[in-house]
Amino acid sequence: MTHVQLKNIRKTYGAHVALKDVSLGIDRGAFFTLLGPSGCGKTTLLRAIAGFHAQDAGDILLDGRSIDNLGANKRHIGMVFQDYAVFPHLSVFDNVAFGLVQQRLPIAAIRERVGAILSTVQLDQHAARMPHQLSGGQQQRVGLARALVIRPQVLLMDEPLSNLDAKLRVELRRDIRSLQRALGITTVYVTHDQEEALSISDQVCVMFDGVVQQVDTPWVIYNRPANRFVATFVGSNNFLPVVADADGKARILGQALDLPASLGRSSVNGLVASVRPEKVLVDTAFAEPGVQVQAIVRQAMFAGRELLLTVEVASHGLLDALTEPSAAMMARQPGDAVNIGVMARDLLYFAPGDTGALLQ
C-alpha cells in the first residue's frame, strides 16, 4: 500500500531546475533509498518531503492526503541529518527528549519513551553523557533516537553515515536496517554510496540531473539497469562498442557474436555492450557463445576476498576483471598475457548516448 506519494514535484533555484516533475510512490514500511551523484536532486527531494522548503509545483501526499500546506513540525515526519545535529549543551537524554518536551508530554511519559528508545539504539548506559563524550557513531545514534522517539509516520535520513569511517558505516547501516524492520517504519534514505543503497534497501531510486532514472529492487537495479547512466553509476562496468564488419556482422572486442533476437532490428553500429567485472573470465575456457581474446595485464589490485585485474585488449583499450585471488592469479604481473572471456549471456546492450536505454 502506498504510504508516501509524490506527484510531479518540480523545484527550481533561479535558472537551475533541481527537480524535473518527479513522481514516486513509496510503500508503507518500505526502506526506500534515493541514490545518485552530488547535485542530482535527491536531498532537495528529501527536504521537500520534510517541509523544509516548498516545491514550485506538484503535490506530496501522506496516506492519500496532501501535506503541502503543513509546516515541517506538523507533518509527523522524523529527520536524521548528515552532521548528527545534536545539541552540544544537552545530555544524551535531553537531546532525545527534546521533541517530546516541545510536544508538552508529561514528564513520566517522556522518561518512559526516551528510556525505551535509548535501549533500542543501545545508548541506555550513556543517557547522562554529553555529546563530546560520545563517538561519531554514538552521536548518530542519538540523532536516530531523537527522530524515532516522536513516533513519526515517516523517517527521513540524509546521508547519515557519510561522516563515519568505513567499518563503522557497515556496522551502523546494519543496525539501522534491523531497527527499521523491527519498527516497520516507512523510511526514505539519501546516499551517494551505491554499496550502501544496494545492501539496505527494499527499493532504490536512481536519480540524475533532477530526473528519476530507475526505481526497482537492488537486484534489478544492479543486474538490469534501465539505461547506461544507471549501469555506469551503480557498481563497476565495462562498456564495449559494438561494430559491424563488412558483412554487417556484429563484433565485440574484434570477435564476431550473434546479437540477441530481442534486439530486433536495432542498428549494430552505435550500440554499446556492457559486462560487469565479476563476469569477465580470466584464463577460463567455455564452450557456450561469447568472445575470447588475449589481453595484457596492466594492473593488479588485491582486496582480500577479490583481485581486480585491469587488462588491455589490443585496439580496444582497458577492461576490469574481478576474480578470485588464487595463488596463480596473485602471481600475475603487469605485462603478463592472459586470456579474457565474456559469455554472451552476461552482456547487456544499450542504445547510443550517455543515458542510452537498455535494449534487451
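The values are calculated or read from the model by the stated rules, or taken from the named source; none is laboratory data. On a predicted model such as this, the values are computed, not experimentally measured, just so you know. All Cβ positions, glycine included, derive from the backbone under ideal geometry; neighbour counts span all protein chains shown.
Taking the criterion of being among the polar types (S, T, N, Q), in contact with a Lys or Arg (Cβ under 8 Å, 6 or more places away or on another chain) and at pLDDT below 90, would at least one residue in the stretch 114-121 satisfy it? Checked against the condition, which is being among the polar types (S, T, N, Q), in contact with a Lys or Arg (Cβ under 8 Å, 6 or more places away or on another chain) and at pLDDT below 90, the stretch 114-121 yields no hits at all. Scanning the stretch 37-49 for residues that are crowded, with 19+ Cβ neighbours inside 10 Å, among the small types (Gly, Ala, Ser) and at negative phi returns a single hit, Ala48. Total residues in the stretch 272-297 satisfying the condition of being within 32 Å of the chain's Cα centre (by Cα) and more than 17 Å from Arg345 (Cβ to Cβ): the figure is 3. Please determine whether any residue of the stretch 255-276 is basic (Lys, Arg) and in a loop (DSSP other than H, G, I, E, B). There is at least one residue in the stretch 255-276 that is basic (Lys, Arg) and in a loop (DSSP other than H, G, I, E, B). Checking each residue in the stretch 117-130 for being farther than 17 Å from Gly78 by Cα and under 31 Å from the mean Cα position of the chain (by Cα) picks out Ser119, Gln122, Leu123. Look at the stretch 234-247: where a residue is more than 10 Å from Ala273 (Cβ to Cβ) and a partner is basic (Lys, Arg), sitting 6+ places away or on another chain with Cβ atoms under 8 Å, you get Gly235/Arg276; Ser236/Arg276; Asn237/Arg276; Val243/Arg251; Ala244/Arg251; Asp245/Arg251.
Quick check on the stretch 13-34: of everything there that is touching a His at 6+ places or on another chain (Cβ under 7 Å) and part of a strand (DSSP E or B), which residue is surrounded by the most Cβ atoms within 10 Å (Cβ to Cβ)? Taking the candidates together, the pick is Ile26. With respect to being surrounded by 15 or more Cβ atoms within 10 Å (Cβ to Cβ), free of Cβ contacts under 8 Å to residues at least 40 places away in the same chain and more than 24 Å from the chain's Cα centre (by Cα), Arg113 fits the description.
Kindly indicate whether Leu307 is touching a helix residue (DSSP H, G or I) at 6+ places or on another chain (Cβ under 7 Å), surrounded by 14 or more Cβ atoms within 10 Å (Cβ to Cβ) and over 15 Å from Val342 (Cα atoms). Taking the combined requirement at face value, the residue satisfies it.
Residue count for the stretch 152-179 under the criterion of being of a type outside the set (Gly, Ala, Ser), touching a residue at least 40 places away in the same chain (Cβ under 8 Å) and more than 13 Å from Ser199 (Cβ to Cβ): the result is 11. Note on the stretch 330-360: residues that are part of a helix (DSSP H, G or I) and either closer than 21 Å to Asn237 by Cβ or β-branched (Val, Ile, Thr) (or both) amount to 3.
Is it the case that some residue within the stretch 61-68 is of a type in the set (Gly, Ala, Ser), within 30 Å of Asp21 (Cβ to Cβ) and either out of contact with any Lys or Arg (no Cβ under 7 Å at 6 or more places or on another chain) or in the same structural domain as Ile200 (by TED's automatic domain parsing) (or both)? Yes - at least one qualifying residue is present in the stretch 61-68.
For the stretch 287-295, the criterion of being over 20 Å from Leu358 (Cβ atoms), loosely packed, with under 13 Cβ neighbours inside 10 Å and touching a Lys or Arg at 6+ places or on another chain (Cβ under 7 Å) is satisfied by no residue at all. Among the candidates Phe286, Phe229, the residue that is out of contact with any helix residue (DSSP H, G or I) (no Cβ under 9 Å at 6 or more places or on another chain), aromatic (Phe, Trp, Tyr) and under 15 Å from Asn339 (Cα atoms) is uniquely Phe286. Comparison of Asp59, Asp83 shows that the only residue that is in contact (Cβ under 8 Å) with a residue 12 or more places away in the chain and in a loop (DSSP other than H, G, I, E, B) is Asp83. For Gly248, state whether it is surrounded by 13 or more Cβ atoms within 10 Å (Cβ to Cβ) and not in a strand (DSSP E or B). In short, no. Checked against the criterion of being modelled with pLDDT of 95 or more and touching a helix residue (DSSP H, G or I) at 6+ places or on another chain (Cβ under 8 Å), the stretch 39-46 has no qualifying residue.
Given the condition in contact with a strand residue (DSSP E or B) (Cβ under 8 Å, 6 or more places away or on another chain) and either under 20 Å from Leu144 (Cα atoms) or aliphatic (A, V, I, L, M) (or both), answer yes or no: does some residue in the stretch 82-92 qualify? The answer is yes, given that some residue of the stretch 82-92 is in contact with a strand residue (DSSP E or B) (Cβ under 8 Å, 6 or more places away or on another chain) and either under 20 Å from Leu144 (Cα atoms) or aliphatic (A, V, I, L, M) (or both). Of the residues making up the stretch 346-360, just one is of a type in the set (Phe, Trp, Tyr) and within 22 Å of the chain's Cα centre (by Cα), namely Phe350.
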